[in-house]
1. Tell me which of these Asp390 doesn't satisfy, since it passes every other one: (1) in a loop (DSSP other than H, G, I, E, B); (2) crowded, with 16+ Cβ neighbours inside 10 Å.
2. Are there any pairs with C-beta distances below 9 angstrom linking a residue in the stretch 544-561 that is over 17 Å from Ala532 (Cβ atoms) to a residue that is within 11 Å of the ligand (Cβ to nearest atom) and assigned to a loop (DSSP other than H, G, I, E, B), with the two at least 6 apart or on different chains, and if so which?
3. What's the total number of residues in the stretch 136-154 that are of a type in the set (Gly, Ala, Ser) and open to solvent by less than 30 Å² (accessible area, probe 1.4 Å)?
4. Which residue out of Tyr691, Tyr669, Tyr662 is closer than 23 Å to Arg219 by Cα and surrounded by 16 or more Cβ atoms within 10 Å (Cβ to Cβ)?
5. Could you count how many residues in the stretch 469-483 are touching a Gly at 6+ places or on another chain (Cβ under 7 Å) and at pLDDT 95 or above?
6. Restrict the check to the stretch 113-128 and report whether at least one residue is in a loop (DSSP other than H, G, I, E, B) and open to solvent by less than 20 Å² (accessible area, probe 1.4 Å).
7. Pairs only if they're at least six apart or on different chains, beta carbon under 6 angstrom, first in the stretch 204-215 and over 22 Å from Tyr175 (Cβ atoms) and modelled with pLDDT under 90, second surrounded by 15 or more Cβ atoms within 10 Å (Cβ to Cβ) and of a type outside the set (S, T, N, Q); list them, first residue then second.
Amino acid sequence: MIAKRILPASAALIALAACAGHTPESAESMQQPEPEPAAAAAAAGEPAAEEAATVQADNPLLAEWTGPYGGVPAFDAMELEDLPAALDAAMAEELGEIDAITADPEPATFENTIVPLERAGGALDRVGTYYGIWSSNRSSPEFRAIQAEYAPKLSEHSTRIIQNDALFRRVKAVYEGDEMATLRPDQRRVVELIYDAFARNGATLTGEAKARYAAINERLAELHTAFANNVLADEEGYVTYLTEEQLGGLPESFVRAAAAAAAERGHEGEYAVTNTRSSMDPFLTFSDERELREQVWRTYYSRGDNGDEHDNNAIIAEILQLRDERVGLLGYDNYATWRLENRMAKTPARAFELMEAVWPAALARVDEEVADMQAIADAEGAGITIEPWDYRYYAEKVRQAKYDLDSDEVKQYLQLAKLREAMFFVAGELFGFEFTPVPEGTVPVFHPDVEVFEVTDRETGDHIGLWYLDAYARTGKRSGAWATTYRSHETFDGKQTVLASNNSNFIKGAPGEPVLISWDDATTLFHEFGHALHYLSSNVAYPTLNGGVRDYTEFQSQLLERWLLTDPVIDSYLVHHETGEPMPDELVAKIKNAATFNQGFATTEYLASALVDMKYHTLDDPTGIDPDAFERKALEELGMPDELPMRHRSPHFGHIFSGEGYSAGYYGYMWADVLTADAAEAFREAPGGFYDEALARKLVEHLFAPRNSVDPAEAYRAFRGRDARMEALMRDRGFPVPGEK
Ligand SMILES: [Zn+2]
């Protein structure tokens, strides 16, 4: 199981299995960061067998899971005071397991090296489940103190394993040996994924190159942190205070929050617009004060770019140079080539190809949007030309005029309990799953609000796993929505059933009252359930094959969102909470219409950032780069419209500079969107539509069940009979498709 901790985009204790919402904005805070390439020059591969002897037999966090359903976590026995000792013991146990592999005098084979490596770390996985609950669902200052102490220790632990030369030599021997040809394809893939995880992170290096590699990583870790801290400093350091007279156009909820934010900062009686997206965005959307809009806009888009001690330009230059040098040691031309090699896109050229194909359509749509907005401004006699600080404001006026969607009216048809039933219905139709509440008191939970369902095969009655739902907000629970697993499917060591979980932050209604949620939240609910179905349908043999591929794993969950607006769901589940009537056709049509609203703005601001990200990371030699000039020139060459900026300008582009999770990877959101749109079209065109039985079988067989045991591109081809086409995405966003009318 060790590979789980070193493979990209898989669950690690320090980067918990989690999920994105369905927009890049929510995704950025939710998605688990990819584990950094070996971060510290820690003591490489020192024997640790003696430490393993200290395992605490009686620590409940370390205990094997017992009880029904193949054993379940003892959430009723979690005590924070047991955590540090459990973590220490679990790490030691894993190092002991690794030592046993490397001490084997026999030549390395799949059976004596890869299999025990897949098995290693079981205790750390179990403790990790509890750690994840404390981190995400039940946080406290006491836990955060432990986390601050153990995050670096866990990171060092991973580094120690990946830098274990003896272990790598055995993995390499299997990878290069004659036995490979005799293995099953999924076994070969396990070996390849594990070998790559080592090789791509510097395990093949020796001597001076190895030392330089470690030094670069250490320096990069510092730079990433400094970059993030500078952005944070500029977000906290600049506040625009408004007086009572300057509140024109702002919704009451915004005014209330702004008053509280001002009071918090010692400005009683004033109103604070803080320098964050959640404050800037609604202010620019609603404020009638054009000069203030410009001021707030300039402040926000200057984060990290103010020429003071928090300026990030020099840091960017050094990060780019070091990343380039590091992949150079591994023999790659540039950072993006290294980064994309194990992504579905495979090469920077293919990512560029997609982005550049969509770009002109997005620009054309911006022209139309600006023309619509200018017409409204002219009709109002505003006497202005649309500037970037006017875009959101006039777009909102266009939205009201053209798309008139009353979110409160929509909510009346979205009851949480009914939506859950709808998801079970969809899972039954597509996956053949049946969801039944477990008998009360049979499965421990970490909070009384958590509901647990048994998942069985509708045809055979076979037990598949459990689904935990933690639906409601409370203190100590992180915001947003996410999905995770407490245990994944595997068969190499006896069949292990799945424990999947969905988490959200709905506000509990009064007893007997239905919980009504927004359209966005309903979409996110289906999205997260898509992740759960992806876990539950896994048929892989080895833990490593449950791992994700960054530009692929959001696709399955995004696709499931599409079933929310299918007829059977509308008719039986999107029903008015008082009258029981299904959502009327006009309202459904309005929701569908609104989906393409402002796509010029959204696609262009996103693509500008994604393109600049890829341009930075495909430079031949970034030494001495001036990011400010580079960004300006890149946008000029692209023909960036004057009316809007990049979604994330370089000096505050945290996705790509405060870590490596999305560096040369910001394109990935659109990549997954193309697959989603194309797969949705397959269902739309099928004889049985979204409930076509033959296509549903293919969906499960090729896109869900194999997880990462099959190359994602091959899996998609097996489902669709061809590669995904970007035209589907163009239609989805309401863009004209070349050659179509
Ligand atoms: Zn997601």
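1. Only one criterion in (1) in a loop (DSSP other than H, G, I, E, B); (2) crowded, with 16+ Cβ neighbours inside 10 Å is unmet by Asp390, namely (1).
2. Listed pairs, sorted by first residue: Arg550/Gln31.
3. 3
4. Step by step, each of Tyr691, Tyr669, Tyr662 is checked, and only Tyr662 is closer than 23 Å to Arg219 by Cα and surrounded by 16 or more Cβ atoms within 10 Å (Cβ to Cβ).
5. 0
6. yes
7. As it stands, the answer is Ala214/Ala41, since those pairs meet every condition given.
For (1) among the hydrophobic types (A, V, I, L, M, F, W, C); (2) without any contact (Cβ under 8 Å) to a residue 40 or more places away in the chain; (3) in contact with a strand residue (DSSP E or B) (Cβ under 9 Å, 6 or more places away or on another chain); (4) over 20 Å from Arg290 (Cβ atoms), each residue gets a yes or a no:
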{"position": "Asn342", "(1), (2), (3), (4)": "no, no, no, yes"}
{"position": "Pro360", "(1), (2), (3), (4)": "no, yes, no, yes"}
{"position": "Ala371", "(1), (2), (3), (4)": "yes, yes, no, no"}
{"position": "Gln374", "(1), (2), (3), (4)": "no, yes, no, no"}
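The values are calculated or read from the model by the stated rules, or taken from the named source; none is laboratory data. Source: prediction; values computed, not measured. Using ideal geometry, Cβ is built from the backbone for each residue, glycine included, and neighbour counts are taken over all protein chains shown. Heads up: the accessible areas ignore ligands, DNA and RNA and are worked out on the full protein's heavy atoms, side chains in. Shrake-Rupley method; radii C 1.70, N 1.55, O 1.52, S 1.80 Å.
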